[in-house]
Every structure is written in structure tokens, then in C-alpha cells.
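Here's the structure, in C-alpha cells; my notes come after.
The values are calculated or read from the model by the stated rules, or taken from the named source; none is laboratory data. Bear in mind the structure is a predicted one, so any value in this text is a computation, not a measurement. Positions of Cβ are backbone-derived with ideal geometry, glycine not excepted, and every protein chain shown enters the neighbour counts. Note: accessible area is taken over every heavy atom of the protein model, side chains too, but ligands, DNA and RNA are not part of it. Shrake-Rupley method; radii C 1.70, N 1.55, O 1.52, S 1.80 Å.
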Amino acid sequence: MGQLKHIINRLMAHTKTYYVLVLFLTFFFVGCKKISKEYTTVEFIVVNPANGEPFVGMPVKLMEESGKSFGSSGKEIFEAVTDANGRASVTFRAKKGSDTWYYPYIKDEILGVSGFDFAYLKRPYMSSYFIKKDQYNEARYEITYYAYLKQITKNVNCEGSNDTLIYHCWSDKKVYGPRYYNYTKTPTGCYEYTTGSHPDWPPGYALVHMGWHWVEWEAHRTSGITYGRDSVFIDKNGLGTLEVLY
């Protein structure tokens, strides 16, 4: 009787070992399958480079497009909103073949009117080749709002026509887009300038991107050379001024 019990215990021990081994191999292969190249990942990233803040709660979606030369049809395969880091991600099995492709979209209507309230500085190029199947893809959107800038330049200590001002104005390079600027001017004499008015903007202001704006200058006169610098951070729809009083 004791010998039989010993044999049963040994069988049960081997059975437990086999069961644990089977579980281990199952989890191993499942894990390998998850990181297999058979899976495509698309991660949405939506940020404002002017202040480094993410766009939280931005609706995003991934569309599956297919068709021949006679047209195409789309099917939504993923929809979400960006998290506290401005991110949303989906992993899926992409259909093989060149007649099926995938497009990322964001529903930017919540920001206002594109080109009027906000501007895209960077976004995915809408191409059937953008989403690479069976690998990780970053769908990055950099969006910022518009603001308004007034520039005032005046030679308040004019000594004559030989006075020369060299001034350099530029906006934040992180906010490179349709309203980015970077230029140098060298007016002479008793120079004076103030930003003109535009019917669609606040009087005396020009349309720019929100963010940092700078000016550095040096004034050359018979009496010597003077230097100066001014900067301003303008928030969404805000007003800012850069002054060169030399």
C-alpha cells in the first residue's frame, strides 16, 4: 500500500511539472505572438510645441481604406481620445496586399477653424505608404494657436542721417510654420516704425503663432554704439509687443 502511494505521488509530481511546462510554453508563444511582426501599431501624438503641452481629449481614429482604380471605401477600425500625454495607440493585424492601406485622422473641429484659429506645424503625410504594416508607426501632430504681435521701433536719440540700426527679429524655432519669421533690417537716420493695421486683426497688430518672440539690436551713432534686446511670450489669441527704442 505504501509503495502504491509513492508511485501515485511521483505521477502527480510529474503531472504538475508537465502542466507548469505547458503553461510556460503557452505564455511564451502568446507573448512572442504579441510582439510578432504580424502586428501593426499606430500611436497618435498631438502636442503644442509653443508651450510643450499635449492636446488632451483630442478625438482620433484610424481608417482602413481599400479599392481599385474605380474608387475606394473606408472603414473605421479604431476610435479614441488622447490621454493626459496627448497620446492614443492601437495595435492590430493589418491586411496584406497593396490594395489595402490605413490612414490616421484627428477630429480637429474642437480647436476651431483651421487656418483661422489654429495652424498645423507638422502632421502625417496622407499617403497610402505612411502607415507601415507589421511595425510601429508614429502619427505625430504639432498644432499651435494664433496670436497677435505689435512691433514698435523708434530712434529716440537721433543724431542725424548717419545713425544706423541693425536689428534682428525672430519667432520660436520650435513653432516653425506659416507664421514663423526670422529677419534682419538695417534702417538709417531718424527711423520710426509701428506695425500697420489689418481689417481682420486687432488694430496695429500682425498675425503670428503663439509662443516666444525676440528682437536684438545695436545702434551705431557718431557718439558710439548701444545695444538692446526685448522678448515676449504671447498666449493663445493674446496680444504682445516688441519695442526697439534706441
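Using 29 Å as the Cα-Cα cut-off, could you pick out the over-long pairs in 96/174; 61/96; 132/236?
Where the Cα-Cα span goes over 29 Å, the pairs concerned are 96/174; 132/236.
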State the Cα centre-to-centre distance between the range 42-114 and the range 167-246 in whole Å.
37 Å
Over its Cα atoms, what ratio of radius of gyration to 2.2 N^0.38 Å does the range 38-118 give?
1.28
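What does the C-alpha gyration tensor say about the overall shape of the range 128-224? Classify as rounded when a/c is under 1.5, otherwise prolate if a/b is larger than b/c, or oblate. All intermediate terms of the calculation are to be shown ahead of the outcome.
Working: a/c = 4.58, a/b = 2.37, b/c = 1.93.
Verdict is prolate for the range 128-224.
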At a Förster distance of 35 Å, what's the computed FRET efficiency of residue 41 paired with residue 200, Cβ-Cβ distance as r, to 0.05?
0.25
Near residue 95, which aspartates and glutamates are there with a Cα under 12 Å away, not counting those fewer than 8 places off in the same chain?
38, 64, 65, 134
The simple spin-label model distance between residue 236 and residue 161, using points 7 Å out along Cα→Cβ, in nm, is 5.2 nm
Sorted on mean Cβ neighbours within 10 Å (highest first), peptides 219-226, 140-147 come out as 140-147, 219-226
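With the full set of protein chains in place, find how many percent of the accessible area of the range 114-246 is carbon and sulfur; take the probe as 1.4 Å.
Heavy-atom surface of the range 114-246 belonging to carbon and sulfur, 1.4 Å probe: 49 percent.
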Net charge of neighbours whose Cβ lies under 14 Å from the Cβ of residue 170, counting Lys and Arg as +1 and Asp and Glu as -1
+2
Please list, in order, the residues from the range 209-233 whose amide nitrogen is less than 19 Å from a point placed 7 Å along the Cα→Cβ vector of residue 193.
209, 213-221, 226-232
What does the charge add up to near residue 225, with Lys and Arg as +1, Asp and Glu as -1, over the other residues with Cβ less than 14 Å from its Cβ?
-3
Count the net charge of all other residues whose Cβ sits under 11 Å from the Cβ of residue 62, scoring Lys and Arg as +1 and Asp and Glu as -1.
-3
